[in-house]
Every structure is written in structure tokens, then in C-alpha cells.
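Worksheet: one structure, shown below.
Readers should treat all values here as calculations from the given coordinates under stated rules, not as data from a laboratory. Worth saying up front: this structure is predicted, and the values here are computed from it rather than measured. Here the Cβ positions follow ideal geometry from the backbone for every residue, glycine too, while neighbour counts run over all protein chains shown.
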Amino acid sequence: MTEGQREAPERPEAERYYVQHASLEAGETGTSEAALQEAINEGARQSWKLISVTQDPTSGGAILVWDTSGFFSG
């Protein structure tokens, strides 16, 4: 589990689609844009395709949905 993901012990194992939480707080990366870019780069390094991004109203972060296999990630 990466630093940008939420702790959820009862969370099921990801199959085709993977949900990632990215904190947009300025920190080590400097800006919220840099934090989001790092989360996107992390998925791209694994050859995943980004399907959706939405703002998480409870934390001020973003929720990224990745296709880890199948048509988009072939």
C-alpha cells in the first residue's frame, strides 16, 4: 500500500479496477499539482490507464480510478 492510499483493512483485493486516494496537501512535493502528478506517474509506471479522477470532499484529496488490465491496459 502506498502512502497516498487510505488504510482500509476490510477493503477487498483489487481485480481489474484499482481505486487510489491521492492527498493534495502541499508537503514534500511542494504543491497539490505536484502531489497529483506523482500519483498519476505511479500508476503510469505500472502501465495502468487512468479512467477517472474526482475530488474527495471529505479529505480535500482526489480519488483516481485505474484500469489495471483488459482493453485499456493491454
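Applying a threshold of 6 Å to beta carbon distances and a minimum spacing of six or more residues, or different chains, the list of pairs starting in segment 35-57 at a residue that is within 10 Å of Ala22 (Cβ to Cβ) and ending at one that is in a strand (DSSP E or B) and among the β-branched types (Val, Ile, Thr) reads Asp56/Ile63.
Which count do you get for residues in segment 17-56 that are under 22 Å from Thr68 (Cα atoms) and loosely packed, with under 12 Cβ neighbours inside 10 Å? Explain how you work it out, then say what you get.
So the first thing to find is which residues in segment 17-56 are under 22 Å from Thr68 (Cα atoms), and the list is 17-23, 35-56.
Subsequent filtering for residues that are loosely packed, with under 12 Cβ neighbours inside 10 Å retains 41, 45-47, 52, 54-55.
Number of matching residues: 7.
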